[in-house]
Every structure is written in structure tokens, then in C-alpha cells.
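Have a look at the structure below before the remarks.
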Amino acid sequence: MRRRDFVKATSVAAGATLLEGCGSPEEQFIVQRVRQTPELPGESGWRFSVCRQCAAGCGIVVRVVDGDAKKIEGNQAHPVNKGGVCALGHSLLQELYNPDRILQAQRSSGNRGSGAFEAVAWDDAIAQVVSAIGAVPADRIAIVASDRSGLTGALWRRFAAALGAPAPAFLEAPELEVERRAAQLALGTTDLPYFDIANADCVLSIGAPILDPGRSQVHFTRAFADMRRARPTRRGRFIQAEARMSLTAANADVWLPVRPGTEGVLARAIAGHILASGSVPADAARRYRVLFPGDAPSTADAATQCDVPEERIVAVAEELRTAERGLVIGGGSAAAHSNGLANVAAALGLNVLLGNLGRVGGVFAPASLGLTRTVEPSNPADSPIAELAARLRGESGEPVELLIVADADPVHALPAGWGIREAIGRVQTVIVLSSFRDDTALQANLILPLATELERFEAYESPTSAGVAALGLAEAVVEPMGDGQHPADILLAVARALPESVASRFTWASYEALVRARVGEDLARMPGSAGATASAYLSAAIDRGGIFGDAAAMSAPSGPTGAAPELPGALSEGGPEYAFGLLPFASVKNGDGRGANRPWLQEHPDPLSTVMWGSWVELSPADAAELGIHDGDRVRVESQTGSVETHAVIDPAVRPGVVSMPLGHGYADNGRYAQGRGANVMALVGAGRVDGTTASAWAATRVRITRVGEGTMVRFGRRYEGGEPELIPVGWAPQQTSQLVQIRGARV
Amino acid sequence: MTRWGMAIDTDRCTGCGACAVACHAENNIQTVGEVEAARGRAMHWMRIERYYEGVFPDVKVRFQPVLCQQCGHAPCEPVCPVYATYRTPEGLNAMVYARCIGTRYCANNCPYTTRYFNWFAPEFDAPLERQLNPSVSVRPAGVMEKCTFCVQRIQDAQEVAAQEEREVRDGEIKTACSQSCPAQAITFGDLDDPESLVALLARTERTTHLLEDLSTEPSVIYLRGGR
């Protein structure tokens, strides 16, 4: 008998004795009904929330025991993640309980940037923000925020407009601006379209890092896996054209390691091949020529320019052409060269030739609930972040005397070539909404901490990544650790304390009140709202974790709207002495830096380099041999803009002439787990922009590399030694073992 | 009889590592820090192994999540002088932490190197300890630990089923790694139930075992990729 059974048996006996005469005691007293009453001490409750660790906005459920959050799992009903959670999502718990988290408002108590802060009462901090706003002319205010497409972003636009200040700038992955612009040209969508990868047969991704973090890793990973294995009769194939062996490229069936900046040539040559085959309907060909009126380069030309054998380009073009459901996506580093817009437009335009707009396994128009509609000004126009950088540098526009940064770290994330780090020191007052002493918060006069999404009412609409509209909705799941609040609630508190002309435009008592009011106003347009009252509808939505649109409402994008720029060669920064193209990337380790202060992620090996606790630069074996660099050595990486030191990882999958470094390392502080660890790759990136947009051309910097000396790099895997690629250890050879299984006659 | 097993579809797995972090969160696995990690003491009950094949530009990458294989003939069991590790009737390769005296013979004998030793008492910088899972004990210094197939979740589900006077349903138990997996590459269930999904997957022609030639009879099945 197990101990547990013994205890149960004896307690049944005891209970029966005690409760004699009380009806059937086993029903009322003995049977543990703990699942229905999770508020008992020591018992688990599961509560819905919304993950805000990246822009995807996955639905999560949180296990809460005795008021503490214990574990994060995925909300299966949420169309973005369908029950999955990524590494960064799990680590949200280590943001919540981080030992270095800022729990009270902080005021700079020494020289700014020195890291000396003292606590200040919350109400005093709000008053300080209000007086700072009152003390400067409105046109000398600058706002940097996050959540560009959501309600919080809409509130910042409204706030700036009410103050008469320039529109806010939003910090996001820079290539998204390029991808949106390309989608507008090639597909006629105002936002990023949705790619139905799960139902496609052949997907060509031109640079888009869909399986890497930053986009909507969980959604696309599921779609990718379903494309391969969810359909019994067909297994979809995935082709990645990208200079770097990213996590996405590593999982592709075919990897085309094109020369960086030539992605568009590849796409155009494939288009030329498909057009020449004569299998494209005349209407599709005509629409394609709206986008690219000129002649496409031949596959032979493309082979030379892209440095990929012609037969492989032709094979990919044929596979795409003959697939029943072909699909092409583009973006990532392909969007981050000076010719990025042309590259992505060329990639997306292929979908027009494949005739997959609005078709299963094809491209769909973005979906949104439209809740921001009456919150933001009628003609919302954001300040490009590059323009804000120019203002900070004093080169154009009104100078900045008050900078408000909400839930963003522009000093860390923007290219060093933009000079933010130096310029921010000259701004009179810097107010930062952040829970950690990240690179921007270190420069603040005043830090207002944020509540994590687990401690606050949260409403977040995922930007298009699920194909259907998805608004995650959740109440707080744990008591707040400190004074921090939702950025929207801080904004509302400040606005209410400002003069009547501003305050009167912010009548909502809280962010929650705003969300409830907006859903109520637009109730008739909300999916599944027929016959429900607003409060009942909202309660039901909160009970399942949000408001989710219907797949039947997915619509086709309209198609090309204008001519894309013809393909110029990519320009790069740095002369011949800089021998390598630099490709920064987001690793699942730290993401864009958000994970840097969490021990789980620091000790999580990067899937490809297997590095833990630090940053690295990936070099090809041939280049390393020429430079006399061994695996794990300390090296200096220099560009025209800056210089950093890090460790070398020699990797057989690196394209010679290209090196890569992960984002999100090299913080001056940001807590004990992140402080001084690794190097920030953005310190190398120059000021170049993508033609036709305001986005940073972050893949256009060239660097040189020199050996500094031996290093101690922490790796989970084994080192790459000698001339042979690292191969399977002791006997793991799946094909052979599989043959064994078959020889033995389906033993399993 | 019940025989718990797991099927991992390597054609679905993208190597993102969400399973490994989920495992840390669920099982109170300590992080050891940079210095100890450099000495090879990082603990990952679930790890992603990455293999390269070929040379640029025809290089292929394969990922394989590796955890304790819960062997039917476990090489780690007979070498334990104090019987701290044993085979449960449900096919789990269990650890009794209180028995373990830290000889590390078991780790020495595990061909999959999935056993991890606590060189130091675990430390969680306050208030990180508030995240610890109350259903799982924190292991002290000097004790070996490894994947348990989330035995606490198995027991939870069995208790609920017992209260409701029924059998545990297929799919009712999800290990932390399986629950988290964005690609749904990991399936957990009863290999002795011919109708269970994991048993179904185990019968496909894509089935392989890790180091099958050692005859350890692992309870973890890998489904070959199509690449």
C-alpha cells in the first residue's frame, strides 16, 4: 500500500466515525474537492494572462499557489500560440521575481548616467512628471513608446496630440517598417499580411526569421510543424534564403546562403523563371508587372550575384512553381540592407505570380478589432525613430528638452551610428518607464517602474500574426510586488494631473476602464457578440483569455499598388579594410535584450552556438584559420562606428566573409545577471538607412576582426576543433538505427 | 499495466529550447552561474543537442532534444550502491534523493549523460524562490538529479482520476516540456495502451531510439525527420 493510500484509508475511517449521522460523509468531507476551490492554502489555481515579452502577445495561463506565480503555460484557445510558450515567455516569472527589479520610483541622485538613484514616493514622482511637462514648450517634448499598433500606443498618440507635442516614436524591430512598406506596395495591405504557412506545400522565406524570436516565434513554429506533419498525405517543404544560418535556416529543408544584400535579385530571378515558364495566368502576370515593370535578371545573373549555383535557383523556382500551394515570405536581414525595400517587395511580389492571395496556404490581409480607432487622433502619424534621433542630436527639428521613454530601451537597441547614447546626455530631463536599470533608464532623471503583465489588468491585441484578430484580455493574477503600474495607467495618471485642456481628453479612470469602454462602444463589431451585453461579453472574454476573431472572416489582400524600387546593389558602411559583413540577430537566449537579466535564459544555450552566459561572434572555419583565431578566443570586432570585444565561435555553417553577433548583450547595468556580460552588437552598427524608408539598415555594416588572446567561453556543447565539422557523438545515427528497427521486423 | 513513454518528433522540433526552460520552471532546477557552467556543471534535464553534417554551403543542422530516456534496462540502476535509483512499476527510472549519497556512479554509467549532480546547495537570489514549484522538492548538495517525466504531474492526474473513479485519460498528463512545446513535437502517454497517441507514434516507420544498440530499452522514442 502506498503511503498516500494508507493516509486516505485511515482518514476515511476517522471521518466516518466523526461525522456519523451527517448523511454521507465521504461526499461532503472526505473527498478532496480542492480542484474546485483553488484558494485553499497550498492549492493551485490557474489564471489567464497575456504575455508581453515580445510583440506577439501570446495567451498564457499562470499557476498561482498561495498568491505566488509558479509556472506559465500556454492558453490553448488563443489563436496566436495555441497552447505553446517560448523560452522568453517562461522567463517572465524571473522578471516578476527578479532580485534587481525596480519596485519604487527612483530619482537620479548623482550625475546622470552614474547609476546613483534614490527612492521617491509614487505621487511625488507623478507630480515631478507633470511639472517637467509644464516646464518646457510642448514642441520640445519627445516621446518614445512601445505597442505601436495597440491601445497603449494609441494613448501615447492621443497624449502627444493633446499636449501639442510632436507625435510619439515607436521602438520596434526596424525591419518591420520596411516589411510593412513592401507589403503595401506588393500586396496592398496597410499592415503586415498574414502568411498561412501551416497549409502551404512549399514555403520560400527570403530572409524572414520566422522561427527565431522577435516576430511571433510560437505561432510560426506551430505553423511550420503543422505544415510538415499535421497533414497525413503531404509534408510541406521549407526553403530559407538567408546569408546566416539562423534557427529558421537550420530547420529548412533547403538553405540558400545568398550573398547578403542580394536577396531581391534571387526573388526577381525566380519570378523571371516562373514567368518564362508560361504557366502564370495573364492577369497575375499583368498585376506583377505593376510592381516590377522591368525585365527580371536571368537565373545565371542571379547565380553570379547571389553566389548560389544556378541549378539550385532553378530547382527552387521549379519547386515553387509546381507546388499546389506555394508561398513566399520576406523580411529579416533581407529588409535591413540599403536596398531592403526592393528585396522584400521582390519576395512578396512572387505571391502574386503564384496566385495565392486569399487562398488556403497563401497570403491574407491583416485583421484587427479596430479598438484604437477613437482613442488616437483621426490621422495618426508617428514620428520615425530616426527623426527623433536627429532631433536628439540637434540636427533637425525642434531640440529636445524633455524625453519620455515608455517601456523601451532605445539607447541599447538603436544603432550606435545614430548617436543616441551621447545625445541623450544633453537632454535636460529624461523620464523613463522601466522596471530595470537598462541602458536608457541609467540616463534618466526619473524612473517610474512598471508592473509586469501578471500584476496588472492587461489588454493586448496581437499584430496580425495569427491571421485572425486576437485581443488578449486578463485581470491581474498576482498582487503587485511594488508600486509599478501599466504604462497606460501611468500615462492616464499624468494626464489627469495636467491642465484641463489635456485632462479633459483622458476621462477614463484606468486602462481597464478604457478597454471596457472601447469594447462596449464597438460591441456590435466584436466577434461572437450577438445578443450579449457588454459586461457579459467582457466577462466571458476574460474567462477564456481574450476576444478572438473568426477564421471565416479572413480576407484576401488587394494586390500590387505601385512600382517597387528597382534593385540597386546593397551599399555597406566600411571600406576594404573591413573584410566582413556583420549580421546582428536575435537569439532565443536573450531575445532583443529582454531576457538578459534572467538566469534561466543566461544559462540557456543558444541552439546553434551553444554559448551560455555571454555574447559571441560567429566566424567561418576558413576565415578563422586565415586570421589565426581559435574557437573561444577573445576577439575585437571593429566597424567605422565602434569597437567591441567578445568571444569567437567557429561554426561550419557560417558563410565565409560574413560574421554574426546576437542582440541583447553588453549592458552597463540591467541587474546582476546582465551587467557587463558580453558586448552590444548595436555598438558597431552605423547610421545607414534603408532606401525609401526611415528604418535602420542594420545589416549593412562591415567590420574587421582581430584576435586579442585566449578566452574562456562558456559553452554547453563541444568545441569545433580541426577541419571536420562537429559530428554525432557515440553512435547516434538515426537512419542506421531506423534500418535496424526495420531489419528486426518492427520491433517497437 | 502502465508504461509511461514519450515520443519526440524531430521533424516538428525546431530546437527553440522552450522545453528546456519549461523544465527549469517546473522542476526547480537551479542555475549554476557562469563559472560553474564553464566547468560543465550546468543542469539541463532537457537539453537540445545540435549536430552539423557536411561543410558549407551544403551543411545541414539537426536538433535533438535529449532527456533521461527512462530505460527499461537502465545502466544507471545496478551501479547505485544505496538503491537510490530504481525502476518503478510504471516504467519510470526514479530517484530517491534522500537515499543518494553522491557516488555519481549512475552518471558515470548513463550513456545519454542525462544525470546532473548538485555540486553545491541550490541558491535562489531572493525573491526568485517565490517561483519555486511546491510540488517538487529542491535537491540539496551532493545529490544526483535528472528528468522524472514530471512525476508530480503524473501523480496529480492519477489522484484526480481516482477521485472521479476512472482511469487516467490519454493526453490528460502533459509533462512540462510537452505542454510548452510550440511545435507540439513532444507526446507523452502510456506505451502499454495500444490506443494511446504515443503508442500509435511508436508504431510508425519513423521510429528510432537513442543509442539503440546498447539495448537499454528507452521509453523515449524519436521520430525521424524528413530532411
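The values are calculated or read from the model by the stated rules, or taken from the named source; none is laboratory data. Bear in mind the structure is a predicted one, so any value in this text is a computation, not a measurement. Quick reminder, even Gly has a Cβ in these numbers, built from the backbone with ideal geometry, and neighbours come from all protein chains shown.
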Selection from segment B:139-164 of residues assigned to a loop (DSSP other than H, G, I, E, B), surrounded by 16 or more Cβ atoms within 10 Å (Cβ to Cβ) and within 14 Å of chain A (Cβ to nearest Cβ) yields B:Cys150
Just one listed residue, out of B:Arg39, B:Arg50, is touching a strand residue (DSSP E or B) at 6+ places or on another chain (Cβ under 6 Å) and among the charged types (D, E, K, R), and it is B:Arg50
Among (1) in contact (Cβ under 8 Å) with a residue 60 or more places away in the chain; (2) within 14 Å of chain B (Cβ to nearest Cβ); (3) of a type in the set (A, V, I, L, M, F, W, C); (4) surrounded by fewer than 24 Cβ atoms within 10 Å (Cβ to Cβ) - the single one A:Ala230 does not satisfy: (1)
Filter result for the condition that a residue is over 25 Å from B:Asp190 (Cα atoms) and of a type in the set (A, V, I, L, M), over B:Ala94, B:Ala84, B:Ala107: B:Ala107
Residue list for segment B:215-227, restricted to those being at the interface with chain A (Cβ under 8 Å from one of its Cβ atoms) and either within 16 Å of the chain's Cα centre (by Cα) or modelled with pLDDT of 90 or more (or both): B:Ile221, B:Tyr222
Which one of these is surrounded by 19 or more Cβ atoms within 10 Å (Cβ to Cβ) and closer than 30 Å to A:Met554 by Cβ: A:Ala474, A:Ala495? A:Ala474
If you go through segment A:186-216 one residue at a time, how many are hydroxyl-bearing (Ser, Thr, Tyr) and part of a strand (DSSP E or B)? 2
Let me confirm something: among A:His273, A:His219, which residue is part of a helix (DSSP H, G or I) and within 21 Å of the chain's Cα centre (by Cα)? A:His219
Whether any residue in segment A:214-225 is crowded, with 24+ Cβ neighbours inside 10 Å, in contact (Cβ under 8 Å) with a residue 60 or more places away in the chain, among the charged types (D, E, K, R) and away from every other protein chain (no Cβ under 11 Å) is what I want to check. yes
If A:Asp100 satisfies all but one of (1) of a type in the set (Asp, Glu); (2) out of contact with any strand residue (DSSP E or B) (no Cβ under 9 Å at 6 or more places or on another chain); (3) touching a residue at least 40 places away in the same chain (Cβ under 8 Å), what's the number of the condition it fails? (2)
Report, by residue number, each residue of segment A:233-256 that is under 20 Å from A:Pro309 (Cβ atoms), touching a helix residue (DSSP H, G or I) at 6+ places or on another chain (Cβ under 8 Å) and either within 8 Å of chain B (Cβ to nearest Cβ) or among the small types (Gly, Ala, Ser) (or both). A:Ala241, A:Ala243, A:Trp255
Among (1) over 15 Å from the mean Cα position of the chain (by Cα); (2) surrounded by fewer than 20 Cβ atoms within 10 Å (Cβ to Cβ) - the single one B:Cys80 does not satisfy: (2)
Quick check on A:Arg312: is it in contact with a Leu (Cβ under 8 Å, 6 or more places away or on another chain) and modelled with pLDDT of 95 or more? yes
Keeping to segment B:165-203, report how many residues are surrounded by fewer than 17 Cβ atoms within 10 Å (Cβ to Cβ) and either under 23 Å from A:Leu211 (Cβ atoms) or facing chain A (nearest Cβ under 9 Å) (or both). 1
Of everything in segment A:659-687, what is surrounded by fewer than 24 Cβ atoms within 10 Å (Cβ to Cβ) and closer than 24 Å to A:Pro565 by Cβ? Give them in sequence order. A:Gly686, A:Ala687
Residues to consider are A:Ser643, A:Ser615, A:Ser639; find the one that is small (Gly, Ala, Ser), under 23 Å from A:Ala579 (Cβ atoms), more than 9 Å from chain B (Cβ to nearest Cβ) and within 21 Å of the chain's Cα centre (by Cα). A:Ser615
Has segment B:37-44 got at least one residue that is at negative phi, more than 9 Å from chain A (Cβ to nearest Cβ) and under 15 Å from the mean Cα position of the chain (by Cα)? no
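Conditions tested, residue by residue: (1) of a type in the set (D, E, K, R); (2) without any contact (Cβ under 8 Å) to a residue 40 or more places away in the chain; (3) under 29 Å from A:Gly657 (Cβ atoms).
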{"position": "A:Ala534", "(1), (2), (3)": "no, yes, no"}
{"position": "A:Leu538", "(1), (2), (3)": "no, no, no"}
{"position": "A:Asp543", "(1), (2), (3)": "yes, no, no"}
{"position": "A:Pro557", "(1), (2), (3)": "no, no, no"}
{"position": "A:Gly562", "(1), (2), (3)": "no, no, no"}
{"position": "A:Pro576", "(1), (2), (3)": "no, yes, yes"}
{"position": "A:Gly595", "(1), (2), (3)": "no, no, no"}
{"position": "A:Trp600", "(1), (2), (3)": "no, no, no"}
Looking at segment B:1-111, what strands (runs of 3 or more DSSP E) fall wholly within it and have at least 3 residues that are out of contact with any Asp or Glu (no Cβ under 9 Å at 6 or more places or on another chain) and under 23 Å from B:Thr175 (Cα atoms)? B:4-9, B:47-53
Matching residues, segment A:42-51, being of a type outside the set (Val, Ile, Thr) and either at pLDDT 95 or above or in a strand (DSSP E or B) (or both): A:Ser44, A:Gly45, A:Trp46, A:Arg47, A:Phe48, A:Ser49, A:Cys51
So, in segment A:545-597, how many residues would count as being surrounded by fewer than 20 Cβ atoms within 10 Å (Cβ to Cβ) and under 30 Å from A:Thr304 (Cβ atoms)? 12
Enumerated helices (runs of 4 or more DSSP H) restricted to segment A:61-142, each holding at least 2 residues that are more than 12 Å from every other protein chain (Cβ to nearest Cβ): A:122-134
Is it fair to say A:Leu608 is closer than 26 Å to A:Leu171 by Cα and either under 26 Å from the mean Cα position of the chain (by Cα) or in a loop (DSSP other than H, G, I, E, B) (or both)? no
Within segment B:121-138, tally of residues that are within 13 Å of another protein chain (Cβ to nearest Cβ) and either among the small types (Gly, Ala, Ser) or not in a loop (DSSP other than H, G, I, E, B) (or both): 6
Qualifying residue in segment A:100-117 (condition: crowded, with 22+ Cβ neighbours inside 10 Å, in contact with a Pro (Cβ under 6 Å, 6 or more places away or on another chain) and farther than 30 Å from A:Pro366 by Cβ): yes
Residue ID - nearest to A:Val258 (Cα to Cα), chosen from residues in segment A:646-678 that are outside any strand (DSSP E or B), more than 14 Å from chain B (Cβ to nearest Cβ) and in contact with a strand residue (DSSP E or B) (Cβ under 9 Å, 6 or more places away or on another chain): A:Leu663
Could you give every pair whose Cβ atoms fall below 6 Å, whose first residue belongs to segment A:65-93 and is farther than 23 Å from A:Ala596 by Cβ, and whose second residue is of a type in the set (Val, Ile, Thr) and part of a loop (DSSP other than H, G, I, E, B), counting only separations of at least 6 or pairs across chains? A:Gly74/A:Val85; A:Pro79/A:Val468
